[in-house]
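K.L.:
A single structure is presented below for examination.
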Amino acid sequence: MSDIDFHHIIVTDDTAAGVNPSELHPILEKLRSALQIREKYMHRSLQRFPQTTSEVLRKINGDAWNPEEIVYPDFTCYPLDMKEALSLDSIPEDLPHVLSLQDGVFTLADPSGSPLPFICPTSHTEYSRDMKNLLEIIADGPLRTYCNQRLKMLVSRFHLHQLANEKKEFIDLQEASHSDFYNVAKVDTHIHAAACMNQHSLLRFIHHTYAIDRDREVHQSQGQTFTLGQLFQRLDLDPDHLDIDALNVHADRETFQRFDRFNAKYNPVGASELRRLYLKTNNHINGEYFAGLIKEYADSMDDASNQFAELRISIYGNSPDEWNQLAAWFFDQRVCSPKIRWMVQVPRI
């Protein structure tokens, strides 16, 4: 325990800063409702919810708080060895589960149609009601004003804390060994797999594949098959003179709140053919280049013992075979890594 005394920043009566006192109670009620909705869906999806917030919500409702009621999945049982993770020896030919449609929501069920005990389905009616409540909360003018004022005040208090305690925190950090930012486990979440690598890695990978696979057939379009060299020639590109600026995959300030520009950044050099070749799992070479990029990303994390990632990959619903194709790509290309957890998402488009 450190003996350093820190200066504490206390601002009295700041709860309703910038808000009419008569509007405060309904604002706080809406915030409580939003937190309760989030807590409900976090628990139903077997995700952790902040303990302090959960305890405060129980006190407001007059309920007893019991954290043992929530059962979270045990991730320690996941295999860390790649051969074990990609082995099919212990997998049955067909799982005895079925998809059951209940109130417009697909639920995993046993062969008799009863939902599995670890699944807590949400009906379409309940989900629609919660969504409607959240949209009303978001559109509330006094609530938006209150949140804006509170956030500004918290930022100001943090800046005051930095001015008063920055040197003391640095001294405290020096006294506590192995507790700095680089020794703490960090997980990068909500990373699209097609954007996990940086632009330098992608450019270097394109140069490498062009050097060794120039005469390899890698692309098919309108019944014609093209080698890698022919594809670049068709796009009027010279990979040997390709640089970061020409690649144009870096998200800058112009992509903020512009999904069309953001999505276009996934096309190297603005060519959808290169996106399909290098950043897709289903193409003429069965996603080999995409797997190679992800393996390089996983190898780079091996050097950082406390760094992990959650990569997202998309299922678009274009074909009933998409799940099988994605599973075949994962197994055949051996992209399993103990540093990576995968999340399959269905984009809004």
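K.L.:
When all protein chains stay in place, what accessible area (Å², nearest 10, 1.4 Å probe) is found for LEU154?
P.N.:
Accessible area of LEU154: about 80 Å².
K.L.:
From largest accessible area down, sort TRP329, TRP342; use a 1.4 Å probe on the protein chains.
P.N.:
In descending accessible area the options line up as TRP342, TRP329.
K.L.:
Would you grab the residues whose amide H sits under 5 Å from the one on GLN307? Only those 5+ places off in sequence or on another chain, please, with H modelled 1.01 Å from N.
P.N.:
LYS186
K.L.:
May I ask you to rank LYS30, LYS132 by accessible area, largest first, using a 1.4 Å probe over the protein chains only?
P.N.:
Sorted by accessible area, descending: LYS132, LYS30.
K.L.:
Express in nm, to one decimal, how much length is gained between HIS161 and SER22 on full extension, taking 0.36 nm for each residue of separation and deducting their alpha carbon distance.
P.N.:
46.9 nm is the gain from fully extending HIS161 to SER22.
K.L.:
Moving on to the next point. On a 0 to 90° scale, report how tilted helix 51-61 is relative to the longest principal axis of the chain, with both axes built from alpha carbons and the result rounded to the nearest 10.
P.N.:
Result, in degrees: 50.
K.L.:
Filter the cross-link list LYS40/LYS132; LYS59/LYS132; LYS186/LYS339 down to pairs whose alpha-carbon distance in this structure exceeds 18 Å.
P.N.:
Values: LYS40/LYS132 16 Å; LYS59/LYS132 26 Å; LYS186/LYS339 11 Å.
Those over the limit are LYS59/LYS132.
K.L.:
Residue by residue through region 22-31, what is 3J(HN,Hα) from phi via Karplus (6.51 cos²θ - 1.76 cosθ + 1.60, θ = phi - 60°)? Round to whole Hz and write x for glycine and proline.
P.N.:
5, 9, 5, 4, x, 5, 5, 5, 5, 5
K.L.:
Also, I was wondering about something else. Averaged per residue, what accessible surface does the chain expose to a 1.4 Å probe, in Å²? Mind dumping the intermediate values first?
P.N.:
Values: 23980 Å² over 349 residues.
For the chain, the solvent-accessible area averages 69 Å² per residue.
K.L.:
So what are the ³J(HN,Hα) numbers for region 231-247, from phi and the Karplus equation (6.51, -1.76, 1.60; θ = phi - 60°), rounded to whole Hz, Gly and Pro as x?
P.N.:
5, 5, 5, 5, 7, 6, 10, 10, x, 5, 10, 7, 10, 4, 5, 6, 5
K.L.:
Out of residues 5 or more away from HIS192 or on other chains, whose amide H comes under 5 Å of its own, with H placed 1.01 Å from N in the peptide plane?
P.N.:
ARG312
K.L.:
Binning every alpha carbon pair distance of region 199-330 at 5 Å from zero, what are the percents per bin?
P.N.:
The calculated distribution, bin by bin, is 2, 9, 16, 21, 20, 17, 11, 4, 1, 0.
K.L.:
Please identify, among ALA264, ALA194, ALA139, the residue showing maximal mean-square fluctuation in a Gaussian network model of the chain using a 10 angstrom Cα cutoff.
P.N.:
Of the options given, ALA139 has the highest mean-square fluctuation.
K.L.:
Relative contact order, percent, of the chain when contacts are C-alpha pairs under 8 Å separated by at least 6 residues?
P.N.:
Worked out over the chain, it gives 16 percent.
K.L.:
Relative to the first principal axis of the alpha-carbon coordinates of the chain, what is the inclination of helix 288-302, with its axis defined by its Cα atoms, in degrees from 0 to 90 and to the nearest 10?
P.N.:
With rounding to tens, the tilt is 50 degrees.
K.L.:
With an 8 Å cut-off on Cα pairs and a minimum separation of 6 or more residues, tell me the relative contact order of region 283-349 in percent.
P.N.:
Numbers: 52 pairs, mean separation 31.5, N = 67.
Reported relative contact order: 47 percent.
K.L.:
Looking at SER201, GLN51, PHE290, which one has the Cα that reaches farthest to the positive end of the dipole of the chain (charges on Cβ: Lys, Arg +1; Asp, Glu -1)?
P.N.:
GLN51
K.L.:
Right, another one. Given the rule -39500 (n - 2.57) for each run of at least 4 DSSP H residues, summed and divided by the residues of the chain, what is its mean residue ellipticity at 222 nm, to the nearest 500 deg cm²/dmol?
P.N.:
Per the formula, -14000 deg cm²/dmol.
K.L.:
Once neighbouring chains are kept in place and the probe is 1.4 Å, which whole percent of the accessible area of the chain is contributed by carbon and sulfur?
P.N.:
53
K.L.:
Between ASN282 and SER33, what is the FRET efficiency for a Förster distance of 45 Å, r being their Cβ-Cβ separation, to the nearest 0.05?
P.N.:
0.60
K.L.:
What fraction of the DSSP beta bridges in the chain is antiparallel, stated in percent and rounded to the nearest 5?
P.N.:
Looking only at bridges with both residues in the chain, the antiparallel portion is about 50 percent.
K.L.:
Which option, (1) 25.8, 74; (2) 29.3, 111; (3) 21.5, 64, is the value of Rg and Dmax of the Cα atoms in Å that was calculated from these coordinates?
P.N.:
Looking at Rg and Dmax of the Cα atoms in Å for this model, the match is (1).
K.L.:
So which lysines can LYS265 reach, going by Cα to Cα under 24 Å and dropping same-chain residues fewer than 8 places off?
P.N.:
LYS280, LYS295
K.L.:
Could you size up the charge dipole of the chain around its Cα centre, putting +1 on the beta carbon of Lys and Arg and -1 on that of Asp and Glu, and report it in debye to the nearest 20? Don't skip to the answer; put the middle values down first.
P.N.:
Numbers: 35 positive and 50 negative charges, 207 e Å.
For the chain, the charge dipole is close to 1000 debye.
The values are calculated or read from the model by the stated rules, or taken from the named source; none is laboratory data. Because the structure is predicted, anything quoted here is derived from the model rather than measured. Methodologically, a virtual Cβ is constructed for each residue, glycine included, from the backbone with ideal geometry; neighbour enumeration extends over all protein chains shown. Side chains are part of the model used for accessible areas, which takes the heavy atoms of the whole protein and leaves out ligands, DNA and RNA. Shrake-Rupley method; radii C 1.70, N 1.55, O 1.52, S 1.80 Å.
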